[in-house]
Every structure is written in C-alpha cells, then in structure tokens.
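Scroll down for the structure; my scribbles are underneath it.
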Amino acid sequence: MIKTLTPGEIARLCDVHQRTVSRWIASGKLKGHQLPGRGDYRVLESDFLTFVESHHLPVDLPNTPTNTILIIDDEAAVRRALGRLFIQDGYKVIEAEDSFTAGALLERDQPALITLDLMMPGIRIEHVFEFLRSNERNIPIVVISAAPPNLLDEAKRMGALEVVSKPFQNDELLQIIARTMRNARPNRRL
C-alpha cells in the first residue's frame with residue numbers, strides 16, 4: 001500500500017503552517033498530487049522523505065529509524081563505550097551481544113545503521129552478512145573490530161560500507177557514522 005500525507009500532516013511534522021506546505025507544493029519544491037475533483041493535495045511518503053533530506057529539515061518522523069544504531073559486539077564494555085559516544089552525538093542506541101539478540105532487535109527496532117565486531121565467539125561472520133543482506137531494508141554496516149587486516153578487507157568484500165580498526169579515534173568514528181548515515185539512505189517508513 002502506498003502511504004500518502006496531507007499538507008496538514010506535513011505541517012505538523014515540519015512544525016510549519018499549512019500554507020507553507022501549500023507554497024512548497026505550488027513552487028514544485030515538494031511533489032504533491034491533486035485529488036481528482038476536490039483540489040486537495042496528497043504527498044507520497046517517499047517524496048516527503050526526499051524533500052526533508054534534501055532540505056536538511058530537522059523533522060522527527062514517527063516510527064522512522066533515521067538515527068538508531070544497533071551495536072553488535074560481545075564485549076559489554078565496548079558496547080557501553082560506543083553507546084555513550086553515539087548517544088552524546090544524538091543517536092539512539094540499541095545493543096546486542098550475540099547474533100540471536102541482534103536478529104530480534106533488527107526486526108523490532110529497525111535501526112538505520114549497524115556496527116559489527118568481527119571477533120565474536122560462535123559467530124561466522126559470513127552468515128551474519130548473509131542474514132543482514134537478506135533483509136529487504138539493506139541496512140548499512142560499519143565494522144568496528146580489532147580483527148587482522150585480511151579479515152577487515154574480507155568484511156568490505158562481504159558488504160561492510162566502512163571498516164574501523166580498534167582502537168579508534170572517537171571523532172573519526174563519529175565522522176564515519178555520520179557520513180554512512182547520510183550516504184546509505186535506508187528504505188524508511190513513516
């Protein structure tokens with residue numbers, strides 16, 4: 001089913017007056033579709049999301065995982081440290097210590113990005129990548145690991161968008177996370 005939004009709904013989401021939304025539609029900045037015989041407009045959800053992103057509007061979209069990061073790492077101290085870093089930078093964080101928990105959180109919370117450690121006991125990383133790539137949302141993966149360089153290279157070949165070696169610089173990691181979130185637009189839903 002194709003989801004649409006009314007100008008009033010968009011005005012509430014963007015915290016602007018409905019006339020502003022009407023001007024966006026009239027000027028062609030926001031693609032709107034006029035209902036036959038009524039003159040009312042509806043905007044496709046996908047067109048609205050494109051508009052919001054291209055105009056860098058700070059919109060808090062309900063049920064949209066635009067800033068949720070799933071941290072998959074077997075070490076609690078690493079998960080806590082990454083979580084604090086990401087939360088301080090404005091992200092919402094969920095954590096998994098194993099692949100089973102990660103799968104459940106992936107379905108329930110629909111994160112926008114996954115960080116993944118390659119050196120976890122009992123996990124075959126190729127299976128993890130295969131599972132994550134089978135997900136229709138194609139969530140971007142950033143590997144954060146102390147694995148040897150050949151495994152980090154293999155992770156890139158398997159589908160990691162970025163690979164960060166432990167130890168890392170916090171500022172560099174945050175830049176990588178922000179860039180990956182910007183460049184790998186997940187298929188978001190309102």
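The values are calculated or read from the model by the stated rules, or taken from the named source; none is laboratory data. As the structure is a computational prediction, the values presented were derived from the model and not from experiment. With ideal geometry, Cβ positions are generated from the backbone for all residues, glycine too; neighbour counts draw on all protein chains shown.
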ask   = So which of THR6, THR20 ends up being over 16 Å from HIS55 (Cβ atoms) and of a type in the set (Ser, Thr, Tyr)?
value = THR6
message = Just to check your reading of the model, which residue among ALA104, ALA160 is outside the structural domain of PHE48 (by TED's automatic domain parsing) and not in a helix (DSSP H, G or I)?
response = ALA160
inquiry  = Just checking, does the range 123-130 include any residue being more than 15 Å from the chain's Cα centre (by Cα), among the hydrophobic types (A, V, I, L, M, F, W, C), farther than 23 Å from GLN175 by Cβ and not in a helix (DSSP H, G or I)?
reply    = yes
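Matching residues to (1) surrounded by 14 or more Cβ atoms within 10 Å (Cβ to Cβ); (2) closer than 26 Å to PRO58 by Cα; (3) of a type in the set (A, V, I, L, M, F, W, C):
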| site | (1), (2), (3) |
| --- | --- |
| VAL78 | yes, no, yes |
| ILE87 | no, yes, yes |
| PHE100 | no, no, yes |
| GLU107 | no, yes, no |
| LEU113 | yes, yes, yes |
| LEU118 | yes, no, yes |
| ILE125 | yes, no, yes |
| ASN150 | no, no, no |
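Residues checked against (1) touching a strand residue (DSSP E or B) at 6+ places or on another chain (Cβ under 9 Å); (2) modelled with pLDDT of 85 or more:
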{"site": "GLY122", "(1), (2)": "no, no"}
{"site": "ILE139", "(1), (2)": "yes, yes"}
{"site": "VAL142", "(1), (2)": "yes, yes"}
{"site": "LEU152", "(1), (2)": "yes, yes"}
{"site": "GLY159", "(1), (2)": "yes, yes"}
{"site": "SER165", "(1), (2)": "yes, yes"}
{"site": "ASN170", "(1), (2)": "no, yes"}
{"site": "LEU173", "(1), (2)": "yes, yes"}
{"site": "ARG188", "(1), (2)": "no, no"}
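Looking at ASP15, ASP89, which is the one that is among the acidic types (Asp, Glu) and at positive phi?
ASP15
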message = Scan the range 37-56 and tell me whether some residue there is modelled with pLDDT of 85 or more, aromatic (Phe, Trp, Tyr) and in contact with a His (Cβ under 7 Å, 6 or more places away or on another chain).
response = yes
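To keep it simple, each residue is scored yes or no on (1) in contact (Cβ under 8 Å) with a residue 12 or more places away in the chain; (2) crowded, with 16+ Cβ neighbours inside 10 Å; (3) part of a loop (DSSP other than H, G, I, E, B); (4) not assigned by TED's automatic domain parsing to the domain that holds TYR91.
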position: GLU9; (1), (2), (3), (4): no, yes, no, yes
position: LEU13; (1), (2), (3), (4): yes, yes, no, yes
position: ARG19; (1), (2), (3), (4): no, no, no, yes
position: ILE25; (1), (2), (3), (4): yes, yes, no, yes
position: LYS31; (1), (2), (3), (4): yes, no, yes, yes
position: GLY37; (1), (2), (3), (4): no, no, yes, yes
position: VAL43; (1), (2), (3), (4): yes, yes, no, yes
position: LEU49; (1), (2), (3), (4): yes, yes, no, yes
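Among ASP60, ASP74, which is of a type in the set (D, E, K, R), in a loop (DSSP other than H, G, I, E, B) and modelled with pLDDT of 90 or more? Steps first, answer last, please.
Values: ASP60 fails: modelled with pLDDT of 90 or more.
Checking each option against the conditions leaves just ASP74.
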task = Take ILE114 and decide whether it is within 27 Å of ALA146 (Cα to Cα), of a type outside the set (S, T, N, Q), out of contact with any Phe, Trp or Tyr (no Cβ under 7 Å at 6 or more places or on another chain) and part of a strand (DSSP E or B).
result = yes
remark   = Here the qualifying pairs (Cβ atoms under 6 Å; residues six or more apart or on different chains; first in the range 65-84 and of a type in the set (Lys, Arg); second assigned to a strand (DSSP E or B)) come out as ARG79/ILE71; ARG79/GLU95
task = Answer yes if at least one residue in the range 63-70 is touching a Pro at 6+ places or on another chain (Cβ under 6 Å), at pLDDT below 85 and not in a helix (DSSP H, G or I), and no otherwise.
result = yes
